[in-house]
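Enquirer: What follows is a single structure, and I will ask about it in a moment.
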Amino acid sequence: MSRRILASLALVAAFAAGCLAPSRALPQELVRERLKSDVGIELLGKGVLYTFYYQYTPNKLIGLEAGLGLLGGGSGDDNATIAFFPIGAKLYLIPKDGSLFLAGGVTIVTAGTDAGPFEDSTHFGYGGLGFEYRGDSGILFRGTAYAFIGGDDFFIWPGLTIGYTF
């Protein structure tokens, strides 16, 4: 073969090898870094039955959260309302869109009733371990096992969250 043909084949082979080689592109930015806010509902969890929440992630490792859960009912003069206000933070352990996290904070409880376990305003602390997934489409799923601490009492309680990031 002539040198020209060999040079052309070598050029084609080098081009093909470059196209087939693994990409060395810069790492993609996390969804948590691009879409820093999320809203959603947590079933069970920090508000006992449900909590509507807002979370802001100032960086890829920390999330700051506040929420509201309400319970109410009754008839006539026996109306009761209990409000749960969880305030806390998350520490993400893995810098990926699917990450383990540690959660901690306090839930403030106010009661408009004179019966049951929440007769007056009170609060309890919580800590938890969970897993979160944030998709590029904005969907968020989170599952958490919480430990509630109040006075001398302590119990484990699950939370399951679905939300939207923006």
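Enquirer: Given the criterion open to solvent by 30 Å² or more (accessible area, probe 1.4 Å) and either at pLDDT below 95 or in contact with a Phe, Trp or Tyr (Cβ under 9 Å, 6 or more places away or on another chain) (or both), identify the matching residue among Lys90, Lys96.
Expert: Just one listed residue meets the conditions, Lys96.
Enquirer: With the condition kept exactly as written, say whether any residue in the range 109-120 is more than 18 Å from Lys36 (Cβ to Cβ), surrounded by fewer than 14 Cβ atoms within 10 Å (Cβ to Cβ), hydrophobic (A, V, I, L, M, F, W, C) and modelled with pLDDT under 95.
Expert: For the range 109-120, residues more than 18 Å from Lys36 (Cβ to Cβ), surrounded by fewer than 14 Cβ atoms within 10 Å (Cβ to Cβ), hydrophobic (A, V, I, L, M, F, W, C) and modelled with pLDDT under 95: present.
Enquirer: Just a yes or no: is a residue in the range 61-73 at negative phi, under 17 Å from the mean Cα position of the chain (by Cα) and not in a strand (DSSP E or B)?
Expert: yes
Enquirer: Can you name the number of the only condition in (1) within 16 Å of Tyr164 (Cα to Cα); (2) without any contact (Cβ under 8 Å) to a residue 24 or more places away in the chain; (3) open to solvent by 60 Å² or more (accessible area, probe 1.4 Å) that Asp78 fails?
Expert: (1)
Enquirer: Given the residues Phe84, Phe52, which is the only one that is free of Cβ contacts under 8 Å to residues at least 40 places away in the same chain, open to solvent by 50 Å² or more (accessible area, probe 1.4 Å) and either assigned to a strand (DSSP E or B) or touching a His at 6+ places or on another chain (Cβ under 9 Å) (or both)?
Expert: Phe52
Enquirer: So is Gln28 surrounded by 10 or more Cβ atoms within 10 Å (Cβ to Cβ) and modelled with pLDDT under 95 or not?
Expert: Yes, satisfied.
Enquirer: Where residues in the range 126-166 are assigned to a strand (DSSP E or B), at pLDDT below 95 and of a type outside the set (A, V, I, L, M, F, W, C), which of them is most open to solvent (accessible area, probe 1.4 Å)?
Expert: Asp153
Enquirer: Can you confirm whether Ala103 is open to solvent by less than 70 Å² (accessible area, probe 1.4 Å), among the hydrophobic types (A, V, I, L, M, F, W, C), over 14 Å from Thr144 (Cα atoms) and modelled with pLDDT of 95 or more?
Expert: no
The values are calculated or read from the model by the stated rules, or taken from the named source; none is laboratory data. Treat the numbers as computed from the prediction; the structure is a model and nothing was measured. So basically every Cβ, Gly included, is an ideal-geometry build from the backbone, and we count neighbours across all protein chains shown. Ligands, DNA and RNA are excluded from the accessible area calculation, which covers all protein heavy atoms including side chains. Shrake-Rupley method; radii C 1.70, N 1.55, O 1.52, S 1.80 Å.
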